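The values are calculated or read from the model by the stated rules, or taken from the named source; none is laboratory data. Computed from a prediction, not measured in an experiment: that's the story for all the values here. Cβ placement follows ideal geometry from the backbone for every residue including glycine, while neighbour counts extend to all protein chains displayed. The protein model used for the area step is the full one, side chains on, heavy atoms only, and it has no ligands, DNA or RNA in it. Shrake-Rupley method; radii C 1.70, N 1.55, O 1.52, S 1.80 Å.
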Amino acid sequence: MKPIQVALIGLGTVGCGVYQTLHIHKQRLEIVLGAPVELTTVVIENPDKHQRIAEKAPISTDISDILYNPEIDVVFEAINGKEPAFTYLKQCIQAGKHVVTANKEMFASHGRELKELAKTNDVQIGYDATTAGGIPIIQTISQLFRANQIQQVQAILNGTSNYILTEMRENKLSFSTALKQAQKWGYAEADPTNDIEGYDAFYKLMILSELIYDKQPDPENISHSGITGITGDSIEKAQQDGNRIKHIASINYDKAGNLTAAIEPVAVSKEHPLYAVEGVDNAIHLKADIVGDITLTGPGAGSFPTASAMIEDFCLILSKRPAPIPIS
Ligand code: HSE
């Protein structure tokens, strides 16, 4: 059977997770997809750092090695920041390749444009890994919430912040020690400012808003703060009142169709659907008009949970590909 050729851009925490998953689960993927998966090219900035991988997969610093290889069907993109990720993905889509991305900052700004470009070029774009790590929230909403109108989203969307708040409360760690641990486990970004200042949760909330409401709230309707102002004392005080402090990203949709959003620490009581979401877990609580309330919970950060979301997107994309025309 002709192999399915894929390329990978980036070998950080998430890229390595994808690389390892493709190897560890090679046989399983072959059974699921009906053909072996071959990692044809890995494009990274600094090849010297990845000599061990170079023995198993060709490494390049040049995106042209993906763009001008017509055998490559699907490109996994796992780098940080808007550029060069946005340019690379546009080029890959224009070259007729399906793409799977984990890049929330880029997708929050350019997701709409990339989705339209993918449609024009008759390829698919998977972006479940951008939001809430391993929780299949994007596919759940896009595939399974067609008739329901979602009126409210309340979510924990940053694993690092939730981990820090949990460790500060449960194990009385200082903020900086808990952050160092989150970095050690590969939850935090290379520069954790986006995690602890709430920007990472903001990007993910904007991706959800675009998906659910086909628009993002006006900036003046978004209030935004991170967890850097939370102290051991404030956590203790909340606990004495029977509450837990959670960093919650929420969107409300009013009857007039206006969107308002908030990303902020909130003291929640035992009855709140996000009270029991601990450690690196994320959760998304949806209030929808037909079904009522639903909460999806799972690992929100880390190498394998995020790689899992990318690999599932990849499998879904391939399952939707038209069958090849038999050679007569
Ligand atoms: N730094 C992110 C987090 C990684 O902690 O949630 C997953 O997007």
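Annotations
- Total residues in the stretch 95-149, condition open to solvent by less than 40 Å² (accessible area, probe 1.4 Å) and farther than 28 Å from E189 by Cβ: 3
- Where I230 falls short, out of the listed (1) open to solvent by less than 20 Å² (accessible area, probe 1.4 Å); (2) assigned to a loop (DSSP other than H, G, I, E, B): (1)
- Among (1) at pLDDT 95 or above; (2) under 21 Å from T87 (Cα atoms) - the single one E38 does not satisfy: (2)
- Residue in the stretch 46-87 that is surrounded by the most Cβ atoms within 10 Å (Cβ to Cβ), counting only those that are within 25 Å of E113 (Cα to Cα) and acidic (D, E): E77
- Conditions (1) among the hydrophobic types (A, V, I, L, M, F, W, C); (2) away from the ligand (no atom under 15 Å from the Cβ); (3) surrounded by 14 or more Cβ atoms within 10 Å (Cβ to Cβ); number of the one not met by I156: (2)
- Enumeration of residues in the stretch 1-45 that are in a loop (DSSP other than H, G, I, E, B), within 23 Å of G96 (Cα to Cα) and either open to solvent by 70 Å² or more (accessible area, probe 1.4 Å) or free of Cβ contacts under 8 Å to residues at least 40 places away in the same chain (or both): M1, K2, P3, G34, A35, P36, I44
- Counted residues, the stretch 159-197 - those being within 11 Å of the ligand (Cβ to nearest atom) and in a loop (DSSP other than H, G, I, E, B): 8
- Cross-chain or 6+ apart pairs with Cβ under 9 Å, the stretch 69-85 first and on the phi > 0 side of the Ramachandran plot, then not in a loop (DSSP other than H, G, I, E, B): G81/E105; G81/M106
- In the stretch 198-215, the residues that are open to solvent by 20 Å² or more (accessible area, probe 1.4 Å), more than 11 Å from the ligand (Cβ to nearest atom) and either within 18 Å of the chain's Cα centre (by Cα) or without any contact (Cβ under 8 Å) to a residue 12 or more places away in the chain (or both): F202, E210, L211, I212, D214
- Residue in the stretch 108-124 that is touching a residue at least 40 places away in the same chain (Cβ under 8 Å), within 9 Å of the chain's Cα centre (by Cα) and within 12 Å of the ligand (Cβ to nearest atom) present: no
- Where Q239 falls short, out of the listed (1) assigned to a strand (DSSP E or B); (2) polar (S, T, N, Q); (3) open to solvent by 10 Å² or more (accessible area, probe 1.4 Å): (1)
- Residue list for the stretch 254-271, filter: within 14 Å of Q152 (Cα to Cα) and either within 16 Å of the ligand (Cβ to nearest atom) or touching a residue at least 24 places away in the same chain (Cβ under 8 Å) (or both): N258, L259, T260, A261, A262, I263
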